[in-house]
Every structure is written in structure tokens, then in C-alpha cells.
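Worksheet: the structure to be examined is printed underneath.
The values are calculated or read from the model by the stated rules, or taken from the named source; none is laboratory data. Keep in mind the model is a prediction, meaning the values are calculated, not measured. Positions of Cβ are backbone-derived with ideal geometry, glycine not excepted, and every protein chain shown enters the neighbour counts. Just the protein is used for accessible areas: all its heavy atoms, side chains included, with ligands, DNA and RNA removed. Shrake-Rupley method; radii C 1.70, N 1.55, O 1.52, S 1.80 Å.
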Amino acid sequence: MRSVRKIGWALGVAVPLVVGGVLAHGSHYLPASGPGVKVFQPAKPLPVLELQDTSAKTVSFPPRGTAWAVYLGYTGCPDLCPMTLQRLRQAYDQLGRPKTLRLGFVSLDPARDSPRVLGRYLWGFAPVEGFTGRPEDIARLAEALEVRYNPGPGGTRLYHTDALALLDPQGGLVRMIFGASRLSSTAIQEELGRLGRSL
């Protein structure tokens, strides 16, 4: 059974405006549930894909054995992606860097975000681990996570769902946190702590 609940921090957040069918960067597509948390009970299975990590090694995704907090974005993002990754890293530090949890960033722009580019970008967000891959595999993962994305005018930016995915050690999706960039590091810490207590 899947349940959707709106949490307090999401109240009062305006729904992104659509003007002429084009979203301004910083306004993102959101699923029908809107900002908030979507809980999956039992965990939602995800497709097993072959992606590349920042060393260009092919890996099975989602990785198994530990819980994961995964954000989907791209290295050219000027605001929400770096802001969210920074707060995610801070939240992880505040939890004492638990070995039962890992942080991931999957590029929605594999044409530009090679493993090397991704590795350089994530150097400043360690210990966040990066993944890229074939466009069709990225699209399958994004669809399973209810993350939508499309090129902006000129093709240099992407419009994408602003959401953090929490995965259990078996690679199942247990929570989607929509509007993740609007959360403080403390709020993200609470979500990561809740994930740990649920396992």
C-alpha cells in the first residue's frame, strides 16, 4: 500500500508556474502529489540498470547492501542541485556519517556529464557518489522514481523534478521527498534518520 502525506515544511510552498508550457529554471515539474513525502509500503522495486561511476567503472544500480539517499540532477545546474547536495552532505555529517547509509547523485544529462566531469563536480560534495550512463537507462530510472526532466530553451539547462529518493539496502524505493531543495540540512537529517530507523 502506498501512502502520500504532506509534511509541515511543504505547507505554503507555491506550485511552480507554467507559462506558455515552458518552466523557468528553478521551477520544476512535480508529480500530482505535489511537494511533500511519498511513502512506499512495501518498498517499490526499481529496475536494475548498468550505470557508470566516476571512475568509469560499470556498476549495477541501485547498489545493494546499504541504504541510499539519491538525488537526480546535472552538473550544469546553477542552483538547486548544488544547494541540495551541500545540505545533503551536511545532514550526513550531522548524523555522524553512518556506514549503513550512502549518498548518490545520478546525472540526468549523460551527454555532458561524463564520469570524469561528474567526478570533478562531486569533489566538493564528498562523500556523495556519482553515476551516469546511457540515456535510455537514465530515463528508465527517472521514470521509476517519478522524476521528470526535459531540456530548457537553448539546450544548456534541464528542467527536472526536485526530489530526493531514499532506498533500502535491497535497492527498493521507500520514500520520495519532493521539493528537496527547500529543506534545511536539519530537515534532511531528520529524513535520513527516519530512513535508518525504518530498516
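Taken over the stretch 47-67, the residue count meeting the criterion of being crowded, with 19+ Cβ neighbours inside 10 Å and closer than 18 Å to Val174 by Cα is 3.
Checking Leu192, Leu166 one by one, the residue that is assigned to a strand (DSSP E or B), at pLDDT 85 or above and either open to solvent by less than 20 Å² (accessible area, probe 1.4 Å) or on the phi > 0 side of the Ramachandran plot (or both) is Leu166 and no other.
Does Glu146 satisfy being modelled with pLDDT of 90 or more and either charged (D, E, K, R) or on the phi > 0 side of the Ramachandran plot (or both)?
Values: modelled with pLDDT of 90 or more: no; either charged (D, E, K, R) or on the phi > 0 side of the Ramachandran plot (or both): yes.
No; evaluated as a whole, the condition is false for this residue.
When restricted to residues that are charged (D, E, K, R) and surrounded by fewer than 18 Cβ atoms within 10 Å (Cβ to Cβ), the stretch 113-136 contains 4. Summed over the stretch 100-112, the residues that are under 21 Å from Arg87 (Cβ atoms) and open to solvent by less than 40 Å² (accessible area, probe 1.4 Å) give a count of 7. Within the stretch 126-150, the set of residues being of a type outside the set (D, E, K, R) and within 14 Å of the chain's Cα centre (by Cα) comprises Val128, Gly130, Phe131, Thr132, Ile138, Ala139, Leu141, Ala142, Ala144, Leu145, Val147, Tyr149.
Evaluated against (1) surrounded by fewer than 15 Cβ atoms within 10 Å (Cβ to Cβ); (2) under 14 Å from the mean Cα position of the chain (by Cα); (3) in contact (Cβ under 8 Å) with a residue 12 or more places away in the chain, Pro153 falls short on exactly one condition, (2).
Only one entry of Arg97, Arg175, Arg87 meets the criterion of being open to solvent by 70 Å² or more (accessible area, probe 1.4 Å), farther than 16 Å from Val48 by Cα and either touching a residue at least 60 places away in the same chain (Cβ under 8 Å) or in a loop (DSSP other than H, G, I, E, B) (or both), and that entry is Arg97. Checked against the criterion of being over 17 Å from Pro115 (Cα atoms) and in contact with a Phe, Trp or Tyr (Cβ under 8 Å, 6 or more places away or on another chain), the candidates Val37, Val59 yield just one match: Val37.
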